[in-house]
1. According to a simple spin-label model (label point 7 Å from Cα along Cα-to-Cβ), what is the distance in nm between Gln205 and Arg13?
2. Quick check: the angle from helix 200-213's long axis to the longest principal axis of the chain, C-alpha only, nearest 10 degrees?
3. Per 0.36 nm of contour for each residue apart, how much would the distance between Val294 and Thr219 grow if the chain were fully extended, relative to their Cα-Cα spacing?
4. With just the Cα atoms of segment 192-350, tell me how far they stretch along each of the three principal axes, in Å, largest first.
5. So what is the calculated 222 nm ellipticity per residue for the chain, using -39500 (n - 2.57) for each DSSP H run with n of 4 or more, over all residues, to the nearest 500 deg cm²/dmol?
6. Please find, in a Gaussian network model of the chain (springs between Cα atoms separated by less than 10 Å), the residue of Glu114, Glu95, Glu310 whose mean-square fluctuation is greatest.
7. Return one number: the angle in degrees, 0 to 90 and rounded to the nearest 10, between the long axis of the Cα atoms of helix 99-115 and the longest principal axis of the Cα atoms of the chain.
8. Angle, helix 4-15 long axis vs. longest principal axis of the chain, Cα atoms, 0 to 90°, nearest 10?
Amino acid sequence: MPTLPELRRYALRRSLFRPTTLERAILKLGFVQADPLRAPARAQDLTLFQRVKNYRAGDLERRYAELAVEEDFFINYGFLARPFHALMHPRSGFERYPRARAKKAEQILAFVREHGPVHPREVERVLGSGTERHWSGNSNVTTRMLDALHYRGFLRVARRDTGIRVYAPANPSARIDGDDDATLDALIDVAFRKYAPVTASSLWQLIYRLRFAVPQWRTQLKPALARAQRRLASSELDGVTWYWPAAERVLARADDDEEPVVRILGPFDPVVWDRRRFEHFWNWAYRFEAYTPVKQRVRGYYALPLFWGEHAIGWANLTHADRLLTTSFGYVSGKAPRDARFKRGLDAEIARFERFLR
């Protein structure tokens, strides 16, 4: 039975793999979560920076059109390798649009099919728009309709122009047919492989979040959980059940002869995303505080977890403005390690960030 330090090393080893090409990294991860906040870079860039050779902030957006990648909603919104994206479609089980909204959707879809790829402003200029109220406030009708048609599988994101999604007709040939249970299991494996090892509660959280990716299979998620528990390797440790891929070996000794690497990870990095696992592994609570009132923040607006070797020892706040990177750090123990190797590693990581953001 693996110990908690062995599970921790295993989690870091399998997620922070040797840097490779952009397309191979996305395929290996399966899915890269996106977030629009840029502090100092967007979430998807922070994730890929640690796993892609010579990655620069914005490379995914710049190269998106040439990659076998699709933007869509999975367990969160982000970028999926195309073979995995195809498993989710065609989505079904939606409520029918009211007549006026259905007519608007047909007009927008016909326009994109005739003119695509199109920027939302082009659609709005020709077909008109307006605003509508929903739970989070007022939104542009055309933008919401394009998003809905994208989610329903009629459109795809062809590229982004200064961060704005440009839409094109979806490619029907990308859709596949097959046994529903087997397809759902394959999707679960995509999510699971990215975040393994996970606790029993986190495994259910991952599977339950797929209700957004495949609304047509919402009622099949609990049976899918039971199948996943049967096919995965597991062990109980201090009253907590852990799961990992049955074909992978967990046990690995710490390499005491190797100098520990300093890494600054994003708040949605696969190593960090599962907050419960984070607390199990490092015995302190990391929280994303961008949406926390300023007076209630403990670590900062966009504090990034700071790792030294296999230990999460604190957090970094990085600001990039006018080509200048400003840094500040906090430590769980209250002070930075006095080891000269940590200082060397931190200087090297800051230099890497400067190149990444340049």
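Each reported figure results from applying straightforward, stated rules to the coordinates on display, with no laboratory input. Because the structure is predicted, anything quoted here is derived from the model rather than measured. All Cβ positions, even for glycine, are placed from backbone atoms using ideal geometry, and neighbour counts span all protein chains on display.
1. 2.5 nm
2. Long axis of 200-213 versus the principal axis of the chain: about 20 degrees.
3. Full-extension gain reported as 22.9 nm.
4. Computed over segment 192-350, the largest-to-smallest principal extents equal 50, 42, 29 Å.
5. On the way: 13 runs with 139 residues, N = 358.
Only helices count here, giving -11500 deg cm²/dmol.
6. Between Glu114, Glu95, Glu310, it is Glu95 that shows the largest mean-square fluctuation.
7. Long axis of 99-115 versus the principal axis of the chain: about 80 degrees.
8. 50 degrees
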